[in-house]
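Report on the following structure.
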Amino acid sequence: MRRKKAFKKTTGNYFFNVKMGYQNNITISRTVRDEAVYAYSKYLKQGKDCEWLGQWDGKAYIDTELREAA
C-alpha cells in the first residue's frame, strides 16, 4: 500500500479540497487568493465536487466565504 505524502499547512496560504471518491480527498493550496479562486473555479467547471476551506492562519481557517461573480 502506498504511503501518504507528508503535508504541511503553511500560514497565509489558501486551501481547497477536491473530493475524488470515497475517503479520497486532494488538498490544493495556493499562495495568492486570485490564483486559488481561479483553480477552484476550474475544478468546478470540470464537474468535480470541491470544498473551499479558506486561508490558514496557523490555528483555523479564515476568509472561508467564497463570493464568485454570477
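One table, with the values for the structure above:
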read-out: Yes/no for Leu53 being assigned to a loop (DSSP other than H, G, I, E, B) and surrounded by 11 or more Cβ atoms within 10 Å (Cβ to Cβ); value: no
read-out: Of the criteria (1) outside any strand (DSSP E or B); (2) surrounded by 14 or more Cβ atoms within 10 Å (Cβ to Cβ); (3) among the small types (Gly, Ala, Ser), which one Gly58 fails; value: (2)
read-out: Subset tally (residues that are at negative phi, of a type outside the set (A, V, I, L, M, F, W, C) and in contact (Cβ under 8 Å) with a residue 40 or more places away in the chain) for segment 40-69; value: 3
read-out: Condition met for Tyr22 (in contact with a helix residue (DSSP H, G or I) (Cβ under 6 Å, 6 or more places away or on another chain) and of a type outside the set (D, E, K, R)); value: no
read-out: Verdict on Lys9 being in a loop (DSSP other than H, G, I, E, B), touching a strand residue (DSSP E or B) at 6+ places or on another chain (Cβ under 7 Å) and surrounded by 11 or more Cβ atoms within 10 Å (Cβ to Cβ); value: yes
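Only the coordinates and a few stated rules stand behind these numbers; no lab work does. Computed from a predicted model, the values in this text were never measured in an experiment. Reconstructed Cβ throughout: ideal geometry from the backbone, glycine too, with neighbour counts over all protein chains shown.
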